[in-house]
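Trainee: Before I ask anything, here is the structure I am working with.
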Ligand code: ARG
């Protein structure tokens, strides 16, 4: 995770961002601190990367890289405003002895590359590109399933889909092209489908450890459906970070250390 010390909205690269709207950085830090503390309470180890001045979006650690089987594919951002984040995150991993790859094509880390037991699900349409998916497949040696995002509000895969456990996922069908919806139905016939209201409050930008599902607290419908499936949803208020177009998952890069 990356503390939002320098968080702000000074440019707009997704429809949630409005540089004219004031941002309360102290409140963002306080909300982020609660998420950080929660992970500790749930028994998860959290490592931190130093926030860099001039990179207001660096708090969205999910975009920093993708780690599968302890191997790290660096991120390459579409927008120049975030370009310096890729090398910063990659250096963090390199310094800790991880095997890393400098990406050749645009991929925005776990914003667009989500790992299930059988696949890496890969978003494209707004940020990451198909060549980046191919690069991820070759590097990780796992089947990468490309999915076309069509609604600019759900510009990263992790704003429209979350992995709950193994090959169990939840997603917002309306965020995907017809063909990608059909692929998701075929691969995940038992998936939890989120309704529009839950998707619009970023309910799918969630982190699951297989039991606890941490998600935006406004996604009340989704929380009760998760409970019916045996999960323990935990709602968080990350309203300040939503002004940058991110929530729980965006603030969290998962380090899958072992194969
Ligand atoms: N402002 C950031 C951007 O538009 C938000 C990134 C959110 N992160 C995520 N994993 N979806 O790039």
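Trainee: Is one or more of the residues making up the stretch 213-230 in a strand (DSSP E or B) and within 12 Å of the ligand (Cβ to nearest atom)?
Mentor: No.
Trainee: Shifting gears a bit: Just one of (1) out of contact with any strand residue (DSSP E or B) (no Cβ under 8 Å at 6 or more places or on another chain); (2) within 13 Å of the ligand (Cβ to nearest atom); (3) under 24 Å from residue 162 (Cβ atoms); (4) in a loop (DSSP other than H, G, I, E, B) trips up residue 55, so point out which.
Mentor: (3)
Trainee: Now for a separate question. Anything in the stretch 129-153 that is in a helix (DSSP H, G or I) and touching a strand residue (DSSP E or B) at 6+ places or on another chain (Cβ under 8 Å)? List them, or say none.
Mentor: Matches in the stretch 129-153: 130, 132, 133, 134, 135, 136, 137, 139, 140.
Trainee: So which residues in the stretch 89-114 are part of a helix (DSSP H, G or I) and either buried (at least 20 other Cβ atoms within 10 Å of the Cβ) or within 12 Å of the ligand (Cβ to nearest atom) (or both)?
Mentor: Residues of the stretch 89-114 that are part of a helix (DSSP H, G or I), as a first pass: 89-95, 109-111.
Listed by number, the residues that qualify are 89, 90, 92, 93, 109, 110, 111.
Trainee: When you scan the stretch 228-246, do you find a residue that is surrounded by fewer than 16 Cβ atoms within 10 Å (Cβ to Cβ), modelled with pLDDT of 95 or more, touching a strand residue (DSSP E or B) at 6+ places or on another chain (Cβ under 8 Å) and over 20 Å from residue 111 (Cα atoms), even just one?
Mentor: Looking through the stretch 228-246, at least one residue is surrounded by fewer than 16 Cβ atoms within 10 Å (Cβ to Cβ), modelled with pLDDT of 95 or more, touching a strand residue (DSSP E or B) at 6+ places or on another chain (Cβ under 8 Å) and over 20 Å from residue 111 (Cα atoms).
The values are calculated or read from the model by the stated rules, or taken from the named source; none is laboratory data. This structure is a prediction, so every number in the text was calculated from the model and none was measured. Neighbour counts are summed over all protein chains in view; Cβ atoms, including those assigned to glycine, are modelled from backbone coordinates with ideal geometry.
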